[in-house]
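Here the structure is laid out as structure tokens; the discussion comes afterwards.
The values are calculated or read from the model by the stated rules, or taken from the named source; none is laboratory data. Remember, it's a predicted structure, so these values are computed and weren't measured experimentally. Glycine also receives a Cβ, built like all others from the backbone with ideal geometry; neighbour counts cover every protein chain displayed. Heavy atoms of the whole protein, side chains included, go into the accessibility calculation; ligands, DNA and RNA do not. Shrake-Rupley method; radii C 1.70, N 1.55, O 1.52, S 1.80 Å.
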Amino acid sequence: MVNKINYDFDLSASVINKLYEISADIENTTSKRAADDISLLSRGWNSDSAERFIGKYTELVSDFDKISKQIAYEAEEINRISRHMYLIEKEAERLAKEDSQ
């Protein structure tokens, strides 16, 4: 009985690219919108509640930034694992060739 691991490198690359795309989209959307929104709110709304709202909004933007960074980190981890699997696969092929000779 042969134990075999099937690793889909194409799927892995596709997932990695999609995760990077999602991360960039979140970062671009929140950073652009947040600066504009905070500027607009600061000019048009002056009160204690405005300050609290802007503070909470800033926290929310920071949370989205953390999520974006985590998604990019996970993409890097999948990429690292894929490279490792590729090296393992090549070594297994080399060993199989040695055994067959």
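Per-residue answers, yes or no, for (1) among the charged types (D, E, K, R); (2) at pLDDT below 90; (3) open to solvent by less than 80 Å² (accessible area, probe 1.4 Å); (4) under 15 Å from the mean Cα position of the chain (by Cα):
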{"position": "Leu60", "(1), (2), (3), (4)": "no, no, no, no"}
{"position": "Ala72", "(1), (2), (3), (4)": "no, no, yes, yes"}
{"position": "Glu77", "(1), (2), (3), (4)": "yes, no, yes, yes"}
{"position": "Lys90", "(1), (2), (3), (4)": "yes, no, no, no"}
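Regarding Ser100, is this residue modelled with pLDDT of 95 or more and of a type outside the set (Val, Ile, Thr)? Can you show your working first?
Numbers: modelled with pLDDT of 95 or more: no; of a type outside the set (Val, Ile, Thr): yes.
Considered against the rule, which asks whether it is modelled with pLDDT of 95 or more and of a type outside the set (Val, Ile, Thr), Ser100 comes out as no.
All but one of (1) in contact (Cβ under 8 Å) with a residue 40 or more places away in the chain; (2) open to solvent by 90 Å² or more (accessible area, probe 1.4 Å) hold for Lys18, so report the exception by its number.
Lys18 satisfies every listed condition except (1).
Which residue out of Glu21, Glu51 is part of a helix (DSSP H, G or I), among the charged types (D, E, K, R) and under 22 Å from the mean Cα position of the chain (by Cα)?
Details: Glu51 fails: under 22 Å from the mean Cα position of the chain (by Cα).
From the options Glu21, Glu51, the qualifying one is Glu21.
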